[in-house]
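Everything on this sheet refers to the single structure shown next.
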Amino acid sequence: MLEIKVIAARIHFATQRVIDTESAVFFVKTGEVFHGAACHVDVPGTGTLVVLLQVRGMQQDHTPSGNRKYFAADIIAVQSSQILPQVPHRQIGQKRPLLKLLSEEIAVVIATQLLLSRIQRE
């Protein structure tokens, strides 16, 4: 007989806290056809969801066999927190580099000075 346990844990790594855990256990008789199983583990909250699968060999009286050879566990799924998409900020007008703006101002000042010097000559 096998004990199959599905463990779900919600972990918030930023605050280094385990938010919540839940597990579901069912037994499968060895030597019989296994048609699959569905289990529901719901761990709401923020943080990363980690789902583990643990399988233990059991004796007929539902006690663990105690033999490490009949024990296995693995992480079967990791779902990170949903990150909301950032909304781009709308720009008013076109952004221009500061260097270009300064060069345009210098050109306007020079052109104005040239124009004034011509007007004064005439």
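Every residue in the range 1-35 that is charged (D, E, K, R) and either touching a helix residue (DSSP H, G or I) at 6+ places or on another chain (Cβ under 7 Å) or closer than 21 Å to Asp61 by Cα (or both), please. Answer for the range 1-35, where residues must be charged (D, E, K, R) and either touching a helix residue (DSSP H, G or I) at 6+ places or on another chain (Cβ under 7 Å) or closer than 21 Å to Asp61 by Cα (or both): Glu3, Lys5, Lys29, Glu32. Filter the range 27-56 for residues that are out of contact with any strand residue (DSSP E or B) (no Cβ under 8 Å at 6 or more places or on another chain) and of a type outside the set (D, E, K, R); which is nearest to Met1 (Cα to Cα)? Residue satisfying both the conditions and the ranking: Gly31. Summed over the range 24-41, residues that are surrounded by 10 or more Cβ atoms within 10 Å (Cβ to Cβ) and closer than 20 Å to Ser81 by Cα total 1. Here the range 62-74 is the region considered, the condition is being exposed (fewer than 14 other Cβ atoms within 10 Å of the Cβ) and small (Gly, Ala, Ser), and the residue that is farthest from Val6 (Cα to Cα) is Gly66.
Of all residues in the range 1-35, how many are under 22 Å from Phe71 (Cβ atoms), part of a loop (DSSP other than H, G, I, E, B) and either in contact with a Lys or Arg (Cβ under 6 Å, 6 or more places away or on another chain) or not hydroxyl-bearing (Ser, Thr, Tyr) (or both)? If you could, list the steps in order and put the result at the bottom.
We begin by selecting, within the range 1-35, every residue under 22 Å from Phe71 (Cβ atoms); these are 1-9, 21-32, 34.
Subsequent filtering for residues that are part of a loop (DSSP other than H, G, I, E, B) retains 1, 29-32, 34.
Now narrow it down to the ones that are either in contact with a Lys or Arg (Cβ under 6 Å, 6 or more places away or on another chain) or not hydroxyl-bearing (Ser, Thr, Tyr) (or both): 1, 29, 31-32, 34.
Counting residues in the range 1-35 that are under 22 Å from Phe71 (Cβ atoms), part of a loop (DSSP other than H, G, I, E, B) and either in contact with a Lys or Arg (Cβ under 6 Å, 6 or more places away or on another chain) or not hydroxyl-bearing (Ser, Thr, Tyr) (or both) gives 5.
Out of everything in the range 42-61 that is in contact with an Asp or Glu (Cβ under 7 Å, 6 or more places away or on another chain) and assigned to a loop (DSSP other than H, G, I, E, B), what residue ends up being surrounded by the most Cβ atoms within 10 Å (Cβ to Cβ)? Of everything passing the filter in the range 42-61, Val43 is surrounded by the most Cβ atoms within 10 Å (Cβ to Cβ). The single residue among Ser65, Ser103, Ser117, Ser23 that is at pLDDT 85 or above and hydroxyl-bearing (Ser, Thr, Tyr) turns out to be Ser23.
The values are calculated or read from the model by the stated rules, or taken from the named source; none is laboratory data. What you are looking at is a predicted structure, and each value in this text was computed from that prediction instead of being measured. Cβ atoms come from the backbone with ideal geometry, glycine included; neighbour counts cover every protein chain shown.
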